[in-house]
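Written below as structure tokens is the structure these notes are about.
The values are calculated or read from the model by the stated rules, or taken from the named source; none is laboratory data. Keep in mind it's a predicted model, so treat the numbers as computed, not measured. Cβ placement follows ideal geometry from the backbone for every residue including glycine, while neighbour counts extend to all protein chains displayed. These accessible areas exclude ligands, DNA and RNA; they are computed on the full protein's heavy atoms, side chains included. Shrake-Rupley method; radii C 1.70, N 1.55, O 1.52, S 1.80 Å.
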Amino acid sequence: MIEPLNRPTRLLRFVAGLARWSLGCLLALWLLLAVAWGALHGWIVPRIGEFRPQLEAQAARALGLPVRIGAISARSEGLIPTIELLDVALLDAQGRVALLLPRVVVAPSPRSLLNWGFEQLYIEHPDLDIRRQADGRIAVAGLTFSETAGENNAAADWLFSQGEVVVKGGRLRWTDELRGAPELALENVDVLLRNGSWQHNMHFAATPPPTWGDRFTLTGRFRAPLLRARDGNWQHWSGQLFADFSRVDVSRLRHHADLGIAVAQGRGAVRAWVDVERGQWMGGTVDLALADVNTTLAETLQPLVLPSVQGRLGARRLAGGMEVSTQNLQFTTDDGLRWPGGNARIKHTEARKGNPEQGEFQADRLDLALLARIADRLPLDAQAHQALRTYVPQGLVETIEARWQGPL
């Protein structure tokens, strides 16, 4: 006796239909990409010169400034064609040339053209004037990048939505009107910017004037919120910035960055890591190897003169508090005394939500005599200064650990 075949269930029929529909969509997508690729290579590339007015108009809409292209050509030697633009000029509101790019090479793809962008944008020997205005807004060759959180900026959004941006052999002039700092001119500027769905990775290298120091690099790795993947407003980003100065005059850095202390003199090597959360500084670490340091740690203190100092300094914000630490910190004073090179960490949190003020202190290899000698130059409270002057401590403390609640 032949048993009847089981009919397919409703779920099985639904899955089979969904598979056929998905396969059809995939084939349609590949067909659409093939048509777009053929149009790009067979129609747009050979006639690229005819599209110059449209490219100028689209660039002007994206950047918010008039754009002029001197000459344009294209090559189709691989899967992704390359388009070369010569003498690209950005004009300011008065019609004057605000930025001239001698040579620009772009590599478009069907996907990038859907977003009016490029897979890669290569800029050669640009001459940039970057200015931070008195209101905190950054102006790059007439393009204004706002620092106001939540404020839209079409130029920044477009820049940070490109797949890759490369700048080679540029010249940059930085003027900070907000700080009133002197102009800083940088030569041989190289920039690499890679943007993903939610990632922004950047590398910056430049050569400052000889009196300022040697060539330095800045590297950043940031992520944007899920709903702001193409947002060019850096105040929504989180990540880390790394700076490497092999030789720098630290006293000149204070004109362009807030070091937290007044450095009148100091030269050597500095490496710094800065942690950022939604555009706000959350912590950082600094490695120092400096000579001839003259610094004032607080406005009411005497200058601290150190012929040499090396080690690591760290700080991070806490919920309602701060933590500061040192690792292998060694220095010599101007009268020949030498700090033995120990570690220290102090943590303080303010009273909040019913919890009292509290703190922690850990340290090793504390030279009490040296600490008493330089106490007037260290940011200690008045009672600590008075105690060191009164008791004149001597000796080396190998290890100390303290915790407290309430005011120190």
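Tell me, what % of the accessible area of segment 286-368 is carbon and sulfur with a 1.4 angstrom probe? Taking all protein chains in place, segment 286-368 shows 50 percent carbon and sulfur surface. Annotation: V105 carries an accessible surface of approximately 30 Å², with a 1.4 Å probe and no ligand, DNA or RNA atoms counted.
Across all C-alpha atoms in segment 330-408, the radius of gyration and Dmax reach 14.5, 48 Å.
At 7 Å along Cα-to-Cβ for each site, give me the label-to-label distance between D87 and N343 in nm. Spacing of the two 7 Å Cα→Cβ label points: 6.3 nm. Working value for segment 231-359: equivalent-ellipsoid semi-axes of 27, 21, 13 Å, each the square root of 5 times a Cα gyration tensor eigenvalue, largest first. Placing D135, D244 in order of accessible area, with the largest value first and a 1.4 Å probe, yields D135, D244.
Simple spin-label estimate for L297 and S76 gives 6.9 nm between the two label positions (7 Å along the Cα-to-Cβ direction from each Cα).
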